[in-house]
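**Q** Quick one: the structure is below, and I'll ask about it shortly.
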Amino acid sequence: MTGLPVVVFDGLAYGMLLFLMSVGLAVTLGLMGLVNLAHGAFAAGGGYVAALAMSRAGVPFLLALPLAALAAAVGGVVLERLLFRRLYGRSPLDQVLFTVGLVYVWIAAATAAFGAGQQPADLPGFLQGQVDLGGVRVGLYRLVLIGLGVAVALALALGLERTRIGALVRASVEDAEMAGGVSIRVGRLFALTFTLGAGLAGLGGALAVPVLGLDPTFPLKYLAYFLIVVCMGGAGTVTGSFLAAAAVGLVDVAGKYYLPEIGAFAVYGLAVAALVWRPNGVLRA
Amino acid sequence: MSPPLLAVEGVTAGYGRATILDGIDLAIPEGGGLALLGRNGVGKTTLIRTLMGLTDRTAGRILWRGRDVAGLPAAERVRLGLGWVPQERRIFRTLSVQENLEVAARPGPWDLARVYALLPRLAERRANQGWQLSGGEQQLLALGRALMLNPDLLLLDEPLEGLAPVMVDVVLDAIRELAGTGLALVMVEQHAADALELTGHAVVMDRGRIVARAGSAALLADPARIVELTGL
Ligand SMILES: Nc1ncnc2c1ncn2[C@@H]1O[C@H](COP(=O)(O)OP(=O)(O)O)[C@@H](O)[C@H]1O
Ligand SMILES: [Mg+2]
């Protein structure tokens, strides 16, 4: 059992990446009922911005991260105004077909632009190595990821619970028509949260490159994980997404570590169990 | 002569392909009150929703102080001065009472303090979540929330429906006080007398049309005529 602490930290770190990359999807699904299967493209886009900025322009890692978030957010606001808002109120089938199509457009475009191979992304020296936590040696970068994930989750939860704009978002998630009836411009609010979600996905994508690697198929490869996080967590909830992402990360890493032959399926077992237990998300009894 | 606060001209509307309202004409002056009467299912709620821009309108104009607002979404109409208290109340169940009021806040004389002064029960419940309120308290909150919008015209869709008698009095007193401040209102009510007492004019609807118009006081004095017109 010497591996247990390592598995826990690896799993949580992976979970935090999943959280950053999927929380925007959870919120937009809750707010406007948009099933955006292309959400992972914002993560991949952020990853490419960071990887290329570092490898081609020599931008330091810590600067590449906000750059990635910003680029993904700009991409988010532009695509929301041009494409995604046309999908609000359409049938889930229309949304699924359209956004799956977008994923393939992304893959083809990224392959043409950057090649089909993996992007190199080495961690800077000061983020490599291990730290000693009371006798347990843990990868420093894993620890940073966990800290960042928790910090972002706290900031989002506080923003949602304690600010006026958070209350406007919650009201709109609960009843968009009535929100309009009390003067809330739900469309603008949605563009704003969509942009924030895309930016966070970009940040998560950039952080993920040194851990998960990056090639053009990234949005497709992790799509099932994003969807499991959103379904388990429940649409529209930050806390639910956080808990679900942590659980998915832990179970996936533990499954592959302890049961190498079948471990890849552990996360699907978790998803089925969670959906049987709480079909509307882990926080909704 | 300045245009009326709200004018509805030949409006036909419904849900998708189902046409419910057929050629509705109405005018409400600044500060005026209109009772909207009629049996269940004749289209009163649909008319209110049409004023808010929440149905599919296929013909006619809706003029706000002379400006055609028929193409505007609900949020923009509300910003011009419409306030809506829906029949189902539709308070935000996952927001606290105070948040329900705050999300609706628009500039004007109505603010938290004034709403709490008019409806003290809401002040007591300010920290409770919407889902924790009784039906009557939800109605008070829906009314207070609409006031936070600082409307010039309040649309009240059966505000007394399903309330306990004490709560009916609380809500009626509040609406009476509002009418006294010169706030224009449209009041849908099954108990015609309550709506007639608070308004200057009345219209009776049947199957999506307006079938009668009368002064509220005259109608109030002639209960037999109310029964004849509304079947109630
Ligand atoms: N969302 C809807 N979709 C289709 N038809 C509806 C809808 N809401 C109401 N209706 C129909 O519109 C008619 C008028 O309903 P409504 O406006 O609620 O009447 P009232 O408020 O006078 O009781 C009814 O026949 C009702 O079945
Ligand atoms: Mg009705």
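**Q** Does the stretch B:61-211 come out rounded, prolate or oblate by the C-alpha gyration tensor, with a ≥ b ≥ c the root eigenvalues, rounded set by a/c under 1.5 and, if not, prolate when a/b is larger than b/c and oblate if not?
**A** Because a/c hits 1.5 or more and a/b fails to exceed b/c, the stretch B:61-211 counts as oblate.
**Q** At 7 Å along Cα-to-Cβ for each site, give me the label-to-label distance between B:Ala193 and A:Arg188 in nm.
**A** Spacing of the two 7 Å Cα→Cβ label points: 4.7 nm.
**Q** Can you compute 3J(HN,Hα) from phi for each residue in the stretch A:10-25, using the Karplus curve 6.51 cos²θ - 1.76 cosθ + 1.60 with θ = phi - 60°, rounded to whole Hz and x for Gly and Pro?
**A** Along the stretch A:10-25, the couplings run 4, x, 5, 4, 4, x, 5, 4, 4, 4, 4, 7, 10, 4, x, 5 Hz.
**Q** A follow-up question, please. Out of all DSSP beta bridges in the protein assembly as shown, what portion is antiparallel? Express it as a percent rounded to 5.
**A** The antiparallel proportion sits near 60 percent.
**Q** What's the average, rounded to a whole number, of partner chain beta-carbon atoms within 10 Å of each residue's beta-carbon in B:140-149?
**A** So the per-residue partner count for this stretch is 1.
**Q** Let me ask something else about it. Starting from the Cα coordinates of the stretch A:219-285, work out the convex hull volume and express it per residue in Å³.
**A** 77
**Q** Next question, about the same structure. Between B:Leu80 and A:Val105, what FRET efficiency comes out of the Förster formula 1/(1 + (r/R0)^6) with R0 = 35 Å and r the beta carbon distance, rounded to 0.05?
**A** Efficiency, from the Cβ-Cβ distance: 0.25.
**Q** On to the next question. Report, as an integer, the average count of C-beta atoms from other chains found within 10 Å of each Cβ along A:160-171.
**A** The per-residue average across the peptide is 3.
**Q** For the pair B:Ala212 and B:Glu161, what calculated FRET efficiency results from E = 1/(1 + (r/R0)^6), where r is the Cβ-Cβ distance and R0 = 22 Å, to the nearest 0.05?
**A** So the FRET efficiency works out to roughly 0.50.
**Q** Be a star and scan the stretch B:63-90 for residues whose amide nitrogen sits under 19 Å from the point 7 Å along the Cα-to-Cβ vector of B:Arg57.
**A** B:63-86
**Q** Farthest toward the dipole's positive end in the protein assembly as shown, which of A:Gly249, A:Phe42, B:Val204, given Cβ charges of +1 (Lys, Arg) and -1 (Asp, Glu) about the Cα centre?
**A** Value computed over the given set: A:Phe42.
**Q** Quick one: Karplus J couplings for the stretch B:156-164, per residue in order, coefficients 6.51, -1.76, 1.60, θ = phi - 60°, nearest Hz, x for Gly and Pro?
**A** 10, 9, 6, x, 9, 4, x, 8, 5
**Q** Further, regarding this structure: Dipole size in debye (nearest 20) for the protein assembly as shown around its Cα centre, Lys and Arg Cβ +1, Asp and Glu Cβ -1?
**A** Dipole of the protein assembly as shown, to the nearest 20 debye: 820 debye.
**Q** Still on this model: Sorting check: for B:197-205, A:200-208, B:161-169, which peptide has the highest mean count of neighbouring beta carbons within 10 Å, and how do the rest follow?
**A** Output ranking for B:197-205, A:200-208, B:161-169: A:200-208, B:197-205, B:161-169.
**Q** Select from the stretch B:59-127 those trypsin sites (Lys or Arg not before Pro) which occupy a DSSP coil region and have at most 16 other Cβ atoms within 10 Å, ordered by residue number.
**A** B:Arg65, B:Arg93, B:Arg126
**Q** At 7 Å along Cα-to-Cβ for each site, give me the label-to-label distance between A:Leu127 and A:Ala151 in nm.
**A** 1.2
**Q** To the nearest 20 Debye, how big is the dipole of the stretch A:162-205 about its Cα centre, given +1 on the beta carbon of each Lys and Arg and -1 on that of each Asp and Glu?
**A** I would put it at about 220 debye.
**Q** For helix A:266-277, report the angle its Cα long axis makes with the longest principal axis of the Cα atoms of chain A; keep it between 0 and 90° and round to the nearest 10°.
**A** 40
**Q** I need the trypsin sites (Lys or Arg not before Pro) found in the stretch A:195-285, filtered to DSSP loop residues with at most 12 other beta carbons within 10 Å of theirs.
**A** A:Arg284
**Q** Still on this structure, please answer the following. Which value, in debye to the nearest 20, describes the size of the charge dipole of the stretch A:127-285 about its Cα centre when Lys and Arg Cβ atoms bear +1, Asp and Glu Cβ atoms bear -1, and nothing else is charged?
**A** Its charge dipole is roughly 240 debye.
**Q** What FRET efficiency would be calculated for the residue pair B:Glu228, A:Arg284, taking the C-beta separation as r and a Förster radius of 35 Å, to the nearest 0.05?
**A** 0.10
**Q** So, one more: Tell me whether the stretch B:124-232 comes out rounded, prolate or oblate; compute the Cα gyration tensor, take square roots of the eigenvalues as a ≥ b ≥ c, and use a/c under 1.5 as the rounded threshold.
**A** Since a/c reaches 1.5 and a/b is larger than b/c, the shape of the stretch B:124-232 is classed as prolate.
**Q** So, one more: Quick one: pull the percentage of alpha-carbon pairs in chain A with a separation above 30 Å.
**A** 28
**Q** Still on this model: I want to check the label-to-label distance for B:Asp111 and A:Ile262. Put each point 7 Å from Cα in the C-beta direction and report it in nm to one decimal.
**A** That separation, rounded to one decimal, is 6.5 nm.
**Q** In whole Hz, with x marking every Gly and Pro, tabulate ³J(HN,Hα) for the stretch A:155-170 from phi via Karplus 6.51 cos²θ - 1.76 cosθ + 1.60, θ = phi - 60°.
**A** Residue by residue, the stretch A:155-170 yields 4, 5, 5, 5, x, 6, 8, 10, 10, 4, 5, x, 5, 4, 5, 4 Hz.
**Q** How tilted is helix A:39-57 with respect to the longest principal axis of chain A? Cα atoms for both, answer in degrees (0 to 90, nearest 10).
**A** Here the helix axis deviates by roughly 50 degrees.
**Q** Where a ≥ b ≥ c are the square roots of the eigenvalues of the C-alpha gyration tensor, would you call the protein assembly as shown rounded, which needs a/c under 1.5, or, failing that, prolate if a/b is larger than b/c, or oblate?
**A** Note, shape of the protein assembly as shown comes out prolate.
**Q** Running a GNM on chain B with Cα contacts under 10 Å, which residue among B:Ala70, B:Ala13, B:Ala123 ends up with the highest mean-square fluctuation?
**A** Greatest mean-square fluctuation among the candidates belongs to B:Ala123.
**Q** Sticking with this structure for a sec: What average count of beta carbons from other chains do you get within 10 Å of the Cβ of residues in A:181-191?
**A** 6
**Q** Among A:Gly213, A:Gly197, A:Leu168, whose Cα sits farthest toward the positive end of the charge dipole of chain A (+1 at Cβ of Lys/Arg, -1 at Cβ of Asp/Glu, about the Cα centre)?
**A** A:Leu168
Just so you know, all these numbers are worked out from the coordinates, no wet-lab data involved. Treat the numbers as computed from the prediction; the structure is a model and nothing was measured. We place every Cβ from the backbone using ideal geometry, glycine too, and count neighbours over all the protein chains shown.
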